[in-house]
4 protein chains.
Amino acid sequence: MLERLKKTVCDANKALPAAGLVAGTSGNASQRDPETGLIAIKPSGVSFQDLTPEDIVIVDENGNLVEGDLKPSVDTASHCYVYRARKDVGGIVHTHSRYATVFAIRGEDIPVLTTLAADLYGKPIPVTGYATIGGEAIGEEIVSHIGNGSAVLLRNHGVFTIGRDAAQAVRSATYVEETAEVSYLSMVLGPVQPLDSAAIDEARTWYLKEYGQKPVGSGA
Amino acid sequence: MLERLKKTVCDANKALPAAGLVAGTSGNASQRDPETGLIAIKPSGVSFQDLTPEDIVIVDENGNLVEGDLKPSVDTASHCYVYRARKDVGGIVHTHSRYATVFAIRGEDIPVLTTLAADLYGKPIPVTGYATIGGEAIGEEIVSHIGNGSAVLLRNHGVFTIGRDAAQAVRSATYVEETAEVSYLSMVLGPVQPLDSAAIDEARTWYLKEYGQKPVGSGA
Amino acid sequence: MLERLKKTVCDANKALPAAGLVAGTSGNASQRDPETGLIAIKPSGVSFQDLTPEDIVIVDENGNLVEGDLKPSVDTASHCYVYRARKDVGGIVHTHSRYATVFAIRGEDIPVLTTLAADLYGKPIPVTGYATIGGEAIGEEIVSHIGNGSAVLLRNHGVFTIGRDAAQAVRSATYVEETAEVSYLSMVLGPVQPLDSAAIDEARTWYLKEYGQKPVGSGA
Amino acid sequence: MLERLKKTVCDANKALPAAGLVAGTSGNASQRDPETGLIAIKPSGVSFQDLTPEDIVIVDENGNLVEGDLKPSVDTASHCYVYRARKDVGGIVHTHSRYATVFAIRGEDIPVLTTLAADLYGKPIPVTGYATIGGEAIGEEIVSHIGNGSAVLLRNHGVFTIGRDAAQAVRSATYVEETAEVSYLSMVLGPVQPLDSAAIDEARTWYLKEYGQKPVGSGA
């Protein structure tokens, strides 16, 4: 069942190492099927390179196994928590991308230093509290910090992004890392002034209305 | 119409991710047709990977749509502003390449620390003022700061380069990033002395006369 | 003889440049045959790119040549020392991966700053004393510092990792570098607080029991 | 004439971008034919990607054109100066590899911080004085600073390496950059103690005698 969804989620997972956002087996992408509400997610501890659509695990929104031979990601309960709390979310991505993880380690928000960050996020990307892996604690941190944004930095851990679907969450994960990288590199040379809030608001409003081939909406 | 130009501009855009200068959908390249004065430019928000010659949009020098099914880049009005103000410019490239963007964030010119920078630019690469995206404001900043150079850093945004054609502007964008990177890395270890102006002038004069298989002219 | 082992060890060696962990000819991977106790190892000074299964050298656990036309790695005596001292070790990898080598140069342990480091290592990755290349001295430093971990930083030199087999040691080498990189980048911006020991212990205990498709055991 | 040499030198030039040591058209490799004393070198301003064996230019040891449709590298006079002064040199490589160039910009020798640097160089990699491009001045700086080493940093410019042939000079250029990178990264975190001279001498002596499949000799 849900063969197309499994293929989509497999592709989204494979896009992560291709974009340099993950290494080894860490990180994952999931997507919710709008009709059934079922969720397709990466299995635990399988390398991105070896991953096939058949490996993708289907769970319900409470994390109960529906289909799949492999154990789902250890972050499944947290993905499900987010999907239950946020009906507008159709895709979730988790990475340990390096520069974003540096901000997560240091417990510092990624400031808005560029028009790109203003366009995409409209505010600093926030750091959550520390959460234990394996249960819903990560999901709770995501929901309580992400607001109307598309990304959070999980304290001492990595990044979670949300989107309409997995592909949009992958895109957000790519831009979080690009934003984190130029912010980090700038800060190494000394303190940097963020954009002022009027410039940020103007850029964000413009972006949501004008950028791309159709309205971007609230996602990145 | 202008099928060859559209292919050329498509190739120039695809050269940007291949050179590591852009990610996602940000950044663009355009080229002016010397005969008709029409301009071919990347569509807005389309990924470089998916881009085909058919996607390239043709506008006149005032930015009016001439041909194309897609909405042109949000930077089209600024490209057109530069083409109108600078009849010697045949190609324009915009990137958010990381080290150059760091100088743009910090509002610091890229100093002349190497013979390569002296050869190619002959002076520091300047930072413009902050400009709102979507209109001509970016174009005005480019024209008022670029002088006889081939590159500017757009404050809190990224890089614009110009050239005889899109390919030369891509080449300049590559060298801006290489120059920004070694400059940045040098500055991280502490203050660095730029080359003195006599050495810069000697190198720049030599380069324009001797380097390559034919005179380089004023471009990078 | 041992054709499959030679192929496995050749693949493990070729995985090192593919993962960006080695350059030129430096670095090596070996694996012990559980039945015969013989060890397959990279030849000395051969580039990873040119390496074929036929080039892999077979030695006994005292480093005596058993089969092979080429001289074995200069680190062979140290690999053998580890295999003799640690019957649980089936694979060894050595790299000069850049960020881990920085910690080795500075003589500083890699601290536990992330849940990933807590999961995989459960403690800082230690730096050994300085050891001369060519004899068993490196092996002695590895055995006296690695304890129940899977990686050590060899002072002013590089990284050694151990595993059930060469593939697991390669995986550990990949994660050591990822851990070193985010730790280094975090430390460049100023002092960083490691995870507290309760969080580390909780994460490590959880990881060994729950992560992946089967129990991970003591390796990384 | 010298078709094999032209192919070899073309390959050596193409190895430079493949190893991430050059970008655009900057940098070059040459090799001397031991029988005729003629030198094959890259043409000026041609991209590495487009380079073919037919493009390689043949000059005599005084830089006079012997064969080739293209203008030889602007560094040809300096390559020839080195070949005349050092009959033991069969290949020369020039790059602007990033971390080595940082030391060249800052005017600081690359210290011996690792066993690899001790093995390959046995002493710090020296920085020359500033030299104007286009004549023999660069060659004079190389010869007066390189001594029995295989690499120098040209002040505010880049790296020159020498070897028995172009391939060995490429290998040295790769290791210079690796050595520069870990040294740079280490120094960013604060002052670092170089290896003491006894350890350096021991490592260098061992390396020349034992490493690889045949004696390494004096090259890197």
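Each reported figure results from applying straightforward, stated rules to the coordinates on display, with no laboratory input. In this text, all values refer to a predicted model and were calculated from it rather than measured experimentally. All Cβ positions, glycine included, derive from the backbone under ideal geometry; neighbour counts span all protein chains shown.
With a Förster radius of 25 Å applied to the beta-carbon distance between B:A18 and A:Q213, the computed FRET efficiency rounds to 0.60.
When the Debye formula is applied to the Cα atoms of the range C:43-89, each taken as the same point scatterer, what base-10 log of I(q)/I(0) results at q = 0.13, 0.18, 0.20, 0.28 Å⁻¹? For the range C:43-89 at q = 0.13, 0.18, 0.20, 0.28 Å⁻¹, log10 I(q)/I(0) is -0.31, -0.56, -0.67, -1.03.
Applying a 10 Å radius around every beta-carbon, put B:187-197, B:155-165 in order of their mean neighbour count, most first. Don't jump to the answer; show the numbers that get you there.
Working: B:187-197: 14.4, B:155-165: 25.1.
The densest-packed peptide leads the list: B:155-165, B:187-197.
Each copy carries a label point for B:D50 at 7 Å from Cα toward Cβ; from one copy, the others' points are 3.2, 3.2, 4.6 nm away, ordered from shortest.
Summary for D:D201: label point 7 Å along Cα→Cβ; distances to the equivalent points in the other copies, ascending, 5.1, 5.1, 7.2 nm.
Residues of A:131-139, mean number of Cβ from any other protein chain within 10 Å of their own Cβ, rounded to a whole number? Could the numbers behind the result be given before it?
Working: counts 1, 5, 10, 7, 1, 0, 0, 1, 0.
Mean inter-chain Cβ contacts per residue within 10 Å come to 3.
Computed from the alpha carbon positions, the gyration tensor of the range C:51-127 leads to an equivalent ellipsoid with semi-axes of 31, 15, 12 Å, biggest first.
Each residue of the range B:97-112 was assigned a 3J(HN,Hα) from its phi angle through the Karplus curve 6.51 cos²θ - 1.76 cosθ + 1.60 (θ = phi - 60°); the sequence is 4, 4, 6, 4, 5, 4, 5, 5, 5, 7, x, 10, 4, 7, x, 8 Hz, with glycine and proline shown as x. Rounded to the nearest 20 debye, the dipole magnitude of the range D:102-164 is 100 debye, with +1 charges on Lys and Arg beta carbons, -1 on Asp and Glu beta carbons, and the Cα centre as origin.
For A:A180, what charge total do you get from the other residues with a beta carbon under 12 Å from its beta carbon, if Lys and Arg give +1 and Asp and Glu give -1?
Numbers: positive: A:R98, A:R106, B:R98; negative: A:E108, A:D109, A:E177, A:E178, A:E181.
Charge balance in the 12 Å sphere: -2.
Take the residue pairs B:K14/D:K7; A:K7/C:K14; D:K6/D:K71; D:K123/D:K209 and return only those whose Cα atoms are more than 20 Å apart. With Cα atoms farther than 20 Å apart: B:K14/D:K7; A:K7/C:K14.
Here the calculated FRET efficiency for A:K7 and B:E54, from their Cβ-Cβ distance with R0 = 35 Å, stands at 0.85, rounded to the nearest 0.05. If R0 equals 41 Å, the separation of the Cβ atoms of A:Q193 and B:R84 corresponds to a calculated FRET efficiency of about 0.80. Couplings 3J(HN,Hα) for the range D:57-71, derived from phi with the Karplus relation 6.51 cos²θ - 1.76 cosθ + 1.60 (θ = phi - 60°), are 9, 9, 10, 8, 6, 9, x, 6, 5, 10, 7, x, 8, 10, 6 Hz, where x marks Gly and Pro.
Expressed as a whole percent, the proportion of Cα-Cα pairs in the protein assembly as shown lying more than 44 Å apart is 32%. Distances between placed amide hydrogens fall under 5 Å for B:V127 paired with B:D109, B:L153, all partners being 5 or more residues away or on another chain.
Is the shape of the range D:170-213 rounded, prolate or oblate, going by the alpha carbon gyration tensor and its root eigenvalues a ≥ b ≥ c, with a/c under 1.5 for rounded and a/b larger than b/c for prolate? Note, shape of the range D:170-213 comes out oblate.
Nearest chain A C-beta to the A/D rotation axis, reported as residue and distance in angstrom, is A:V188, 4. Taking Cα centre as origin and charging only the Cβ of basic (Lys, Arg, +1) and acidic (Asp, Glu, -1) residues, the dipole magnitude of the range C:3-210 rounds to 120 debye.
Lys and Arg at +1, Asp and Glu at -1: add these up for the other residues within a Cβ distance under 10 Å of B:R98 and post the number. Let's see the in-between values first.
Numbers: positive: none; negative: A:E178, A:E181, B:E177, B:E181.
Around B:R98, the surrounding residues sum to -4.
Relative to the first principal axis of the alpha-carbon coordinates of chain C, what is the inclination of helix C:76-85, with its axis defined by its Cα atoms, in degrees from 0 to 90 and to the nearest 10? Value to nearest ten degrees: 70.
In deg cm²/dmol and to the nearest 500, what is the mean residue ellipticity at 222 nm of the protein assembly as shown if only DSSP H runs of at least 4 residues count, each as -39500 (n - 2.57), divided by the residue total?
Values: 28 runs with 352 residues, N = 880.
Rounded to the nearest 500, it is -12500 deg cm²/dmol.
In the range B:3-210, a dipole from Cβ-located charges (positive for Lys and Arg, negative for Asp and Glu) runs towards its positive end, and of B:S150, B:V188, B:T128 it is B:V188 whose Cα lies farthest in that direction.
Projecting the Cα positions of C:I105, C:A198, C:A166 onto the charge dipole of the range C:79-220 (unit charges on Cβ atoms of Lys, Arg, Asp and Glu, taken about the Cα centre) puts C:A166 furthest along the positive direction. Dipole magnitude for the protein assembly as shown: computed about the Cα centre from +1 point charges on Lys and Arg Cβ and -1 point charges on Asp and Glu Cβ, it is near 160 debye. On a per residue basis, the convex hull of the C-alpha atoms belonging to chain B measures out at 112 Å³. The same position B:E67 in the other copies lies at 4.7, 4.7, 6.6 nm from this copy, comparing label points 7 Å beyond Cα toward the beta-carbon, shortest first.
Taking Cα atoms, how many degrees apart are the long axis of helix A:197-210 and the longest axis of chain A, rounded to 10 and kept between 0 and 90? So the inclination is approximately 50 degrees. Cα extents for the range C:88-203 along the principal axes, largest to smallest and rounded to whole angstrom: 38, 28, 21.
If Lys and Arg each add +1 and Asp and Glu each add -1, what is the summed charge of the other residues whose beta carbon sits under 13 Å from the beta carbon of B:T52? Combined, the nearby Lys, Arg, Asp and Glu give -2.
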